[in-house]
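Undergrad: Provided herewith is a single structure, encoded as structure tokens, for subsequent inquiry.
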Amino acid sequence: MPTQETGYGTTAQNKAKAVIMVARGIQVKITLDKVNTKNFPEDAPYCALYAHEAQRVELILVGDNSLAGGHDLPAICAPTGDGSELIIKGKGKLTAKGGIEAAGIGSRCSKDAKGTITIDDGTIIAYGNGYGAGIGTSSNSNGGTVRINNGNITATGGKSGPGIGVSGTGSTYHKVSGTIEINGGIVNATGYSGMGAGEGKVGETVTINGGIISAIKNKDGGEAINASSYPPSGSNSAIIFLNQSIGSIEGNIVSNMVDGNNVDITHYTIDRNYEIPPGYTLTIRNKQTLTIDDGITLTNEGTIYNGDSGTVGGNGNLVNHGLFKSDNTQIPANLGDDVKYKVDFDVNYTYPISGPPHY
């Protein structure tokens, strides 16, 4: 596949090359339709899409695309200047794998980011390498904003990098800048820290306004969310799964909605098919409501617990293959033939046509 020099690097051996090169200061719209560069060697200075000095890049996903980066370079090197932005949208799929010490999608190594990465839609799988984030900054970099409005996002950081956020470092702890904002979609972030700052760094700001989010740390030293703060804001709500200790992934409906007694009264509506994986526990607390929307299926392979007067309702479908403890379920549940655990229904439960629970 033909490439061109990016201007990054100082010698013939480390002059970086890119398949798609976006020039300085321009705004451009690019459609990726079944593009595959995954065979680039990760120890060579290659980048699938280099837009480090661009002003605004709108990336539209069509079909299944797979991009890779080489040494020090992400698969997609996002704009990093003041006010710059990479926007990813479309109904397609993108797999982005960073090279050595690089992010999957984000800034290049040793270059602080001042721009924004915005994901509006699409299925995105991003892998960082070494200290690099899945989505965020590469090694020895700082700053930037990652904003997720929609889509199905899986971001995995390198050995010492976050799934989403600012890269890790081998030096002692120091404060960083950087912002993560999640407004919707399904987001699974795994790394040294799931979200926020990687190893050796602290101080990123994480704001969660909506969506179904999993933040999973892969080491004892990390945090599920390593940030100075990560409150939900406004009246929106989200389901947030956190892995605070290895092997335990606990999820709750979270927002700032409380009654006069400071009891959480959050409502959350699942508006797309979703599976609670094995090992995950979702708790619906007192006065909280989980609604499964029309035509939507929630499949439980883990644990759902709303035994404290929480409510599960809606006109969708609940398919349970795991453990479901409920005292207030207002939606028929398809328990299947392979249910291994007792399911307790005490209030407001209507048996499905197939009959009472099997256990």
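The values are calculated or read from the model by the stated rules, or taken from the named source; none is laboratory data. Treat the numbers as computed from the prediction; the structure is a model and nothing was measured. Methodologically, a virtual Cβ is constructed for each residue, glycine included, from the backbone with ideal geometry; neighbour enumeration extends over all protein chains shown. Each accessible area value is taken on the protein alone, full model and side chains, heavy atoms only, with ligands, DNA and RNA left out. Shrake-Rupley method; radii C 1.70, N 1.55, O 1.52, S 1.80 Å.
Undergrad: Name the residues in the stretch 270-284 that are open to solvent by 40 Å² or more (accessible area, probe 1.4 Å), assigned to a loop (DSSP other than H, G, I, E, B) and closer than 15 Å to PHE241 by Cβ, would you?
TA: Passing the criteria: PRO278, GLY279.
Undergrad: In the stretch 280-323, what residues are charged (D, E, K, R), closer than 17 Å to GLY251 by Cβ and modelled with pLDDT under 90?
TA: Correct list: ARG285, ASP308.
Undergrad: If we keep just the residues of the stretch 17-32 that are assigned to a loop (DSSP other than H, G, I, E, B) and hydrophobic (A, V, I, L, M, F, W, C), which is surrounded by the fewest Cβ atoms within 10 Å (Cβ to Cβ)?
TA: ALA23
Undergrad: What pairs can you find where one residue is in the stretch 218-237 and more than 14 Å from THR205 (Cα to Cα) and of a type in the set (Gly, Ala, Ser), the other is open to solvent by 70 Å² or more (accessible area, probe 1.4 Å) and at pLDDT 80 or above, and their Cβ atoms are less than 7 Å apart, with a gap of 6+ or different chains?
TA: Every condition considered, the pairs that remain are SER237/HIS267.
Undergrad: Hand me the list of strands (runs of 3 or more DSSP E) wholly inside the stretch 68-155 holding 2 or more residues that are under 20 Å from VAL35 (Cα atoms) and under 12 Å from the mean Cα position of the chain (by Cα).
TA: Filter on the stretch 68-155 gives 123-127.
Undergrad: Taking into account only those residues within the stretch 297-322 that are open to solvent by 20 Å² or more (accessible area, probe 1.4 Å) and assigned to a strand (DSSP E or B), which is nearest to HIS267 (Cα to Cα)?
TA: The qualifying residue nearest to HIS267 (Cα to Cα) is THR311.
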